[in-house]
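Here's the structure we're looking at; comments come further down.
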Amino acid sequence: MPSKAIGKLQSEMTQNNTDSYIQVVGAFLLQHLEQNPKDAEKIMVTDKTIGKSLEQMRKEASKKKVGSCAVLTDQEGFEVVLKYFGIKATTPASARAAAPIITSDNVQPNPSEPKSNNFNVNLEDFL
């Protein structure tokens, strides 16, 4: 059964190879099946598709709409997809929120630290 479910997902992904959303959700479901092969029968339900799960995600996001913007986190979105397929939502490793990325654009200087422009690192320092 898992091989048929994988084939179904891959077929939809191939038919919609320019739709990045279907590719991302399809890859998530393939990974989920790898770790949870018992859920294959739920993926195999004839009228359940990746595309329709995206529509369900859109509906769920619209409930949180502020102005003209509606957003779900990765975790929330993947939970909606699993629920759509009738799979008990767990927190998949691939959907956990990543730590914020800190760049020089969003780092505030600490006024108690002295300013220094003498940053120098050699590869030998790490060996």
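Conditions tested, residue by residue: (1) without any contact (Cβ under 8 Å) to a residue 60 or more places away in the chain; (2) in a helix (DSSP H, G or I); (3) β-branched (Val, Ile, Thr).
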site: VAL24; (1), (2), (3): yes, yes, yes
site: LYS38; (1), (2), (3): yes, yes, no
site: LEU72; (1), (2), (3): yes, no, no
site: ILE87; (1), (2), (3): yes, no, yes
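For (1) more than 12 Å from the chain's Cα centre (by Cα); (2) at positive phi; (3) not aromatic (Phe, Trp, Tyr), each residue gets a yes or a no:
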site	(1), (2), (3)
PHE28	no, no, no
GLN31	no, no, yes
GLU41	yes, no, yes
VAL45	yes, no, yes
SER62	yes, no, yes
VAL66	yes, no, yes
LYS88	yes, no, yes
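Whether any residue in the stretch 11-23 is surrounded by fewer than 16 Cβ atoms within 10 Å (Cβ to Cβ) and among the aromatic types (Phe, Trp, Tyr) is what I want to check. Scanning the stretch 11-23, I find at least one residue that is surrounded by fewer than 16 Cβ atoms within 10 Å (Cβ to Cβ) and among the aromatic types (Phe, Trp, Tyr), so the answer is yes.
In a residue-by-residue description of the stretch 41-51, the property of being among the basic types (Lys, Arg) and either surrounded by 12 or more Cβ atoms within 10 Å (Cβ to Cβ) or in contact (Cβ under 8 Å) with a residue 12 or more places away in the chain (or both) applies to at least one position. Take the stretch 40-70 and flag every residue that is assigned to a loop (DSSP other than H, G, I, E, B) and of a type in the set (D, E, K, R). The answer is ASP47, LYS48, LYS63, LYS64, LYS65. Within the stretch 58-90, the set of residues being among the basic types (Lys, Arg) and under 19 Å from GLN35 (Cα atoms) comprises LYS83, LYS88. The single condition among (1) modelled with pLDDT of 95 or more; (2) on the phi < 0 side of the Ramachandran plot; (3) not in a helix (DSSP H, G or I) that ALA97 does not meet is (1). Quick check, is ASP74 at pLDDT 90 or above, under 20 Å from VAL24 (Cα atoms) and within 15 Å of the chain's Cα centre (by Cα)? Criteria met by ASP74.
The values are calculated or read from the model by the stated rules, or taken from the named source; none is laboratory data. The structure presented is a predicted model; accordingly, all values stated were derived computationally and were not measured. Because the Cβ atoms are built from the backbone with ideal geometry, glycine has one as well, and the counts that use them run over all protein chains shown.
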